[in-house]
Amino acid sequence: MMSAAALVGGYSRGEFSPLDATRAALDAIASHEQAVNAFVLVDEEVSLSMAEASAARYSAGAPIGPADGVPVSIKDMFLTAGWPTVRGSDLIDAHAEWREDAPATARLREAGTVFLGKTTTPEFAWKGVTDSIRQGVTGNPWGASLTAGGSSGGSATAVGLGMGTWSVGTDGGGSVRIPASFTGTVALKPTYGLVPMYPSSPYGTLAHAGPMTRTVTDAATMLDVLVGFDARDWSALPTPTTSFVTGLQDGVEGLRLAFSADLGFGSNEHEVDAAVRTAVQVFVEAGAKIDEIELGLSDPVDAFHVLWFTGAAKVLQPFGENALDRVDPGLAAAIRAYGLAPTASDYLDAVAVRMDLGRRFGMLHETYDAFVCPTMPIAAFAAGQPSPDGWPSDLWTSWTPYTYPFNLTQQPALSLPCGLTTDQRPIGLQVVGRRHGDAMVLRVAAAYEARTPWHLAVPTLRRASH
C-alpha cells in the first residue's frame, strides 16, 4: 500500500497514473467490501472521471500539488456534492438534493484527490463502534469478526485494507483515534477549529475533523490539505502558513515528554500496557527525556456525558417527537438517560470541569513538549456489540477513557500503531500536544514511527486474500 508521496512521485515520473492507483483502490474495495462493510457508497464512474482529470494534469506537467490523484474516501458525516450524506440513519432521505460540500470535502476536491465513496458510521456518529440499523456492521482489517471501532470505523478499515490511501473522519470523543488504535492505522484529531466544520456539529466544540492514513507523514500531508479556512465555520482558525510536513523528521532528541499509563483513572489489558511501555523506551533511545507522571485526575466522564448526550438529543429534535423510537436503541437509551435531564446549570457545571481539565493540561505543557499514553486500554473486541464480552457497561465511554478527555480540552491527539497482541489485534499509542501544537504531535509520532515497524504490518484480512 503506497503512501501519498510514493504515489505522487510515481505519477510525476510517469511510472503509473492516477487511473492505475484508482483502479487498484477500486479492486481492493471489490475484494474486501463484502467481508468488512466499510462503504455506504462507491461511485466508480465519479472516481474514474476524477482520476482521468488528475492524469491529464500530470501529463500536462501541471499537477495541483502533493495530493493530486490520491484516492480518498469520506466518512458519511461530511456533506459531499452529488452524493447523499445519510449519517447512518433511517431518518435521513438519501434522495434529497445534495449540492454542497463540507469544508473538508471541498478542500480535498480542490487539491485534486480522487473520491472513491462514502464510509460507514454509527447513527449520527454517536458511539465508539461502527454499526447501524441502516448500514449494518463494519469489520476490522485484522479480522472481519472484530469491530473496527468508531465512529469513523469505515474510514479506518478502508485505509487499513488499501481501499484508498486516505480518509477523512470526525472525532467528538475519540472517533478517529479509537478505530485507528483498533485497526493499526494512523489518525489525528487536530486542535479544535484547525480543520473547519460545516454544518456545525450538534456536539459543539467537542467535534473535530481529521486525517486518517497509514503513516504519520501521510497524516501531515493530508492535514495540509484539510486546514484551508472556511468562512462557514464561525470557530475556524486561520490557515497555517507553514506546512505540517516541515520539521516532521526533526526527531525527539532533547524534547521533554510526559507519560501516563492510565491518566490516573483507567485500567489497561496487560498486552496494551506492555506495548505502550515498550514504546516509551523507543523515545528514550531516540534522545527524549521522558517522565512517568501522576496526573491526579478524576474521570471527567460525567461532564462529557452532559455535553455529548445533550448534543445527541439536539440532533434528533428536527425529526419529530417519535424520533427516539426510530433510531439505534442504544442511542435512544443514552439520550433518555443523559441527554434530556440536564439543566442549564448542569451544562455550565460540565463546562467548568472542562475548563479545569484544559487548565491542567495547559500547565502540563509549560513543562513538557508532548504527552504520551495508550490510545485505548483494550484491543478490538467482537463486531456488532457495544462493548467487550463481560464488560460492566454497554456505554462506549466506559471503555474509551483516554480519548474523550482530549475532546474536552481541544488538544491535538494522534493515534499510531505500537504493537500487536499475541492473537494479532493492533495496539495504539496516543501522542497529545498543547493546543495549536499539532506540528509537535506529528513530529513526535514520526520519530516513533521511523524507529519501529508497526506501520508496515499487513492486516490478516489482506494476507488471507492474496
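The values are calculated or read from the model by the stated rules, or taken from the named source; none is laboratory data. The structure displayed is predicted, hence computed values, not measured ones. So basically every Cβ, Gly included, is an ideal-geometry build from the backbone, and we count neighbours across all protein chains shown.
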If I ask for residues that are more than 19 Å from residue 417 (Cβ to Cβ) and in contact with a Ser or Thr (Cβ under 8 Å, 6 or more places away or on another chain), which ones from segment 139-154 would you list?
151
Collect the residues in segment 63-108 that are without any contact (Cβ under 8 Å) to a residue 24 or more places away in the chain and under 23 Å from the mean Cα position of the chain (by Cα), keeping them in residue-number order.
100, 101
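Could you tell me whether residue 107 is of a type in the set (Lys, Arg), touching an Asp or Glu at 6+ places or on another chain (Cβ under 7 Å), part of a helix (DSSP H, G or I) and at pLDDT 95 or above?
no
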Say we look at segment 245-259 and pick out the residues that are hydrophobic (A, V, I, L, M, F, W, C) and part of a loop (DSSP other than H, G, I, E, B); which of these is surrounded by the most Cβ atoms within 10 Å (Cβ to Cβ)?
252
Those residues that are more than 13 Å from residue 41 (Cβ to Cβ) and in a loop (DSSP other than H, G, I, E, B), I need them from segment 53-76; list them, please.
60, 61, 62, 63, 64, 65, 66, 67, 68, 69, 70
Filter pass, residue 420 being aliphatic (A, V, I, L, M), touching a helix residue (DSSP H, G or I) at 6+ places or on another chain (Cβ under 8 Å), modelled with pLDDT of 95 or more and over 30 Å from residue 437 (Cα atoms):
no
Selection within segment 1-52 - part of a loop (DSSP other than H, G, I, E, B), in contact with a Gly (Cβ under 9 Å, 6 or more places away or on another chain) and farther than 20 Å from residue 186 by Cβ:
15, 16, 17, 37, 43
Considering every residue within segment 237-244, establish whether at least one is part of a loop (DSSP other than H, G, I, E, B), over 16 Å from residue 414 (Cα atoms) and at pLDDT below 95.
no
Within segment 251-270, which residues are in contact with a helix residue (DSSP H, G or I) (Cβ under 8 Å, 6 or more places away or on another chain) and farther than 16 Å from residue 431 by Cα?
268
Among the listed residues 151, 167, which satisfies the condition of being farther than 17 Å from residue 113 by Cβ and at pLDDT 95 or above?
151
Scan segment 208-223 and tell me whether some residue there is more than 20 Å from residue 179 (Cα to Cα), surrounded by fewer than 24 Cβ atoms within 10 Å (Cβ to Cβ) and modelled with pLDDT of 95 or more.
no
Selection from segment 282-296 of residues at negative phi and in a loop (DSSP other than H, G, I, E, B) yields 286, 288, 293, 294, 295
Odd one out for residue 425, checked against (1) charged (D, E, K, R); (2) touching a helix residue (DSSP H, G or I) at 6+ places or on another chain (Cβ under 7 Å); (3) buried (at least 20 other Cβ atoms within 10 Å of the Cβ); (4) over 25 Å from residue 134 (Cα atoms):
(2)
Within the bounds of segment 411-421, is there any residue that is over 15 Å from the mean Cα position of the chain (by Cα), on the phi < 0 side of the Ramachandran plot and among the small types (Gly, Ala, Ser)?
no
The one condition residue 315 fails out of (1) out of contact with any Pro (no Cβ under 7 Å at 6 or more places or on another chain); (2) of a type in the set (Val, Ile, Thr); (3) farther than 16 Å from residue 395 by Cα; (4) in contact (Cβ under 8 Å) with a residue 12 or more places away in the chain is (1)
Residue satisfying condition, being polar (S, T, N, Q) and within 30 Å of residue 201 (Cβ to Cβ), within set 317, 281:
317
Taking the options 254, 266, name whichever one is farther than 21 Å from residue 439 by Cα and in contact with a strand residue (DSSP E or B) (Cβ under 9 Å, 6 or more places away or on another chain).
266
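Okay, residues lined up against (1) more than 27 Å from residue 130 (Cα to Cα); (2) surrounded by fewer than 24 Cβ atoms within 10 Å (Cβ to Cβ); (3) at pLDDT below 95; (4) in contact with an Asp or Glu (Cβ under 6 Å, 6 or more places away or on another chain):
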residue	(1), (2), (3), (4)
22	no, no, no, no
51	yes, no, no, no
55	yes, yes, no, no
61	yes, yes, no, no
86	no, yes, no, no
Could you please tell me which pairs satisfy a Cβ distance under 7 Å, a separation of 6+ or placement on different chains, a first residue in segment 224-239 that is within 17 Å of residue 166 (Cα to Cα), and a second residue that is assigned to a loop (DSSP other than H, G, I, E, B) and of a type outside the set (Ser, Thr, Tyr)?
224/244; 224/245; 225/67; 225/111; 226/195; 227/194; 227/195; 227/240
For segment 211-232, what are the residues that are part of a helix (DSSP H, G or I), within 14 Å of residue 446 (Cβ to Cβ) and touching a helix residue (DSSP H, G or I) at 6+ places or on another chain (Cβ under 6 Å)?
216, 218, 220, 221
Can you name every residue in segment 34-87 that is among the β-branched types (Val, Ile, Thr) and closer than 25 Å to residue 224 by Cβ?
46, 64, 70, 72, 74, 80, 85
Does residue 217 satisfy the criteria of being within 20 Å of residue 454 (Cα to Cα) and touching a strand residue (DSSP E or B) at 6+ places or on another chain (Cβ under 8 Å)?
no
